[in-house]
Amino acid sequence: MLHTKIIDTSKKDKIEISKAENFLSQSKFGAVIYFIGTVRDLNENKTVTGITYDAKESMVIKSFEKIYEEADNKLNIKEKAVFIEHVKGYVGLKEKSIIIGVACKHRDQAFVLSRYIIEEIKKRSPIWKKEHYENEESEWLKGMSLNN
Amino acid sequence: MKISVELFGAAREFSTKSCLDFKLNENSTIKDLRKQMIKFIDIKFKGNENFKKIIKSSAFCSSDDKIVSDNYKIVKKQNFSIIPPIGGG
């Protein structure tokens, strides 16, 4: 059971934990974990006021699906429900950029799966951050190259 | 042949449009496309080293979302996306 979506903030779409709760409540699993990424106020000694996220949407969704499928074999977690939403567009300070909700049979599986998903997204999903600072400057953050 | 490259992340700074068009010879590869883009930066942005670094460290993907290598042979009417180093979440 998988739900994935890119939330475009320019279209007034909202990333909300209640959607994850609704989705995961449809599963039969008892161990539920939510990971919520938010915009923090300081990065490399610069005061951050917000982040603009860019995403190659079709590729991001495919990467989410692949990560979900891989968990079957890599983590041996076959029975699971996973909710992943990531924003695209401007996100203000302390606002949510990503919600990962995971439901599994046992808590150890839920912790492992949740951690696996966020770490793999960081490594593989084509999403970029442009940080905005209090002096009105902005900068695309350095990342991981997908060029092999 | 004309090849369109969709811009993402830091590469969006190369243009106010979402895509850039390049003219390539028949039998060109992604390596040639990369060179053309660097030439474009030399002309349009006076050789901006940061922009060139972005191109050198980027991957390219085809319209079916597959990352293609530098040796990939480009055929007519193909479009690509430039994928600068990623870092979401």
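The values are calculated or read from the model by the stated rules, or taken from the named source; none is laboratory data. Note that the structure is a prediction, hence the values are computed from the model and not measured. No Cβ is skipped: glycine too gets one built from the backbone with ideal geometry, and neighbour counts run over all protein chains shown.
Starting from residues that are assigned to a helix (DSSP H, G or I) and surrounded by 22 or more Cβ atoms within 10 Å (Cβ to Cβ), keep the ones in the stretch A:111-128 and report whichever is nearest to the other protein chains (Cβ to nearest Cβ). Reasoning before the result, please.
So in the stretch A:111-128, the residues assigned to a helix (DSSP H, G or I) come out as A:111-124.
The next check asks that each one be surrounded by 22 or more Cβ atoms within 10 Å (Cβ to Cβ); those that pass are A:113, A:117, A:121.
On the way: A:L113: 16, A:I117: 10, A:I121: 5 Å.
Per the criteria, the residue is A:I121.
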Exercise. Taking the stretch B:72-89 on its own, how many of its residues are more than 7 Å from chain A (Cβ to nearest Cβ), surrounded by 14 or more Cβ atoms within 10 Å (Cβ to Cβ) and either in contact with a helix residue (DSSP H, G or I) (Cβ under 9 Å, 6 or more places away or on another chain) or modelled with pLDDT of 95 or more (or both)?
Worked result: 4
Exercise. What number of residues within the stretch A:25-55 are of a type outside the set (G, A, S) and within 14 Å of the chain's Cα centre (by Cα)?
Worked result: 8
Exercise. When both residues are 6+ apart or on different chains and their Cβ atoms are under 6 Å apart, which pairs have a first residue that lies in the stretch B:51-71 and is at the interface with chain A (Cβ under 8 Å from one of its Cβ atoms), and a second that is hydroxyl-bearing (S, T, Y) and assigned to a strand (DSSP E or B)?
Worked result: B:C61/B:S81
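Can you tell me how many residues in the stretch A:129-146 are part of a strand (DSSP E or B) and more than 7 Å from every other protein chain (Cβ to nearest Cβ)? So that I can check it myself, show each step before the final result.
Step one: of the stretch A:129-146, the residues part of a strand (DSSP E or B) are A:129-133, A:138-140, A:144.
Checking which are more than 7 Å from every other protein chain (Cβ to nearest Cβ) leaves us with A:130-133, A:138-139.
Going through the stretch A:129-146 one residue at a time, the tally reaches 6.
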For this session: Select from the stretch A:1-37 the residues that are surrounded by 15 or more Cβ atoms within 10 Å (Cβ to Cβ) and of a type in the set (S, T, N, Q) and write down the one among them that is farthest from A:D72 (Cα to Cα).
Result: A:T9
Problem set entry | In the stretch B:1-35, residue surrounded by the fewest Cβ atoms within 10 Å (Cβ to Cβ) [restricted to those that are within 13 Å of chain A (Cβ to nearest Cβ) and either assigned to a loop (DSSP other than H, G, I, E, B) or small (G, A, S) (or both)] | B:S18
